[in-house]
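Trainee: Pasting a structure here, questions to come.
Just so it is clear, none of the values below were taken in a lab; they were calculated from the coordinates. None of the values given here were measured: they were computed from a predicted structure. Positions of Cβ are generated from backbone atoms using ideal geometry, with glycine treated the same way; all protein chains shown enter the neighbour counts.
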Amino acid sequence: MAREAGRPLRADAQRNRDKILAAAVSVFTEDGLDAHFERIAKEAGVGTGTLYRNFPTREALIEAAYRNEVARLCDAVPGLLDTLPPREALRAWLRRFIDYATAKLGMAEALRAVVASGTNPYGDSRELIQSALSELMEAGSEAGAIRSDIRPTDMFAALAGIALTSARPEQREQAERLLDLVLDGLSTTPGER
């Protein structure tokens, strides 16, 4: 039985859905298209019926898992800005971006299958990520913590380059160094570089 569109999930149903999506990212990253729904359900701690009720097809699950990763990345911005100085909020978010890129890379085979089925899981992900990055950079610029002459699209291009070259889990140290290099380039004072 599918839930009505627009109607919010009960808290326990939302928790189950969140656990399924997290487990799906992990299992599809590890197993690719060979991932079994039974394993995903087991890792999520739910029954296969619960998984199929939420995601009746493999493509629906892959797309939802990917979109959830994008949402988690973008939704983190307000909390980071509320709890950290703008430059540190940007640094923390950049690390989350690498986590997102690593998950996306791990799910590449599964995402290609979704695209081949005629669905675009990427939809508005680029715009959402650039908007989140813009908010962080604007806060940093207003606080005088980062340069104001660098556009979010430039920063996104740099992040895409880091993701393309260093998003594998075994490359994490390199990705961190590259993020620090980019952040140093955003510094407003030579002493921070």
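Trainee: Roughly how big is the chain's charge dipole about its Cα centre, with Cβ charges of +1 (Lys, Arg) and -1 (Asp, Glu), in debye to the nearest 20?
Mentor: 480
Trainee: Between residue 164 and residue 84, what is the label-point separation in nm under the 7 Å Cα-to-beta-carbon projection?
Mentor: Going from the residue 84 label point to the residue 164 one covers 2.6 nm.
Trainee: Please identify the helices of the chain, taking whole runs of DSSP H, that span at least 18 Å along their own axis as judged from the Cα atoms and have a mean Kyte-Doolittle score of 0.0 or higher.
Mentor: Both cut-offs are met by 58-83, 152-166.
Trainee: Taking only DSSP H segments of four or more residues, each worth -39500 (n - 2.57), what value at 222 nm results for the chain once the sum is divided by all its residues, to the nearest 500 deg cm²/dmol?
Mentor: That calculation yields -24000 deg cm²/dmol at 222 nm.
Trainee: Mind giving me the nanometre distance, one decimal, between the label points for residue 153 and residue 30, set 7 Å out from Cα along Cα→Cβ?
Mentor: Placing both labels 7 Å along Cα→Cβ, they lie 4.1 nm apart.
Trainee: Cα-Cα pairs above 15 Å in the stretch 55-154: how many percent?
Mentor: Of the Cα pairs, 64 percent sit more than 15 Å apart.
Trainee: I've got another one for you. Sum up the charges of everything whose Cβ sits under 11 Å from the Cβ of residue 100, counting Lys and Arg as +1 and Asp and Glu as -1, but leave residue 100 out.
Mentor: Summing Lys and Arg as +1 and Asp and Glu as -1 gives +2.
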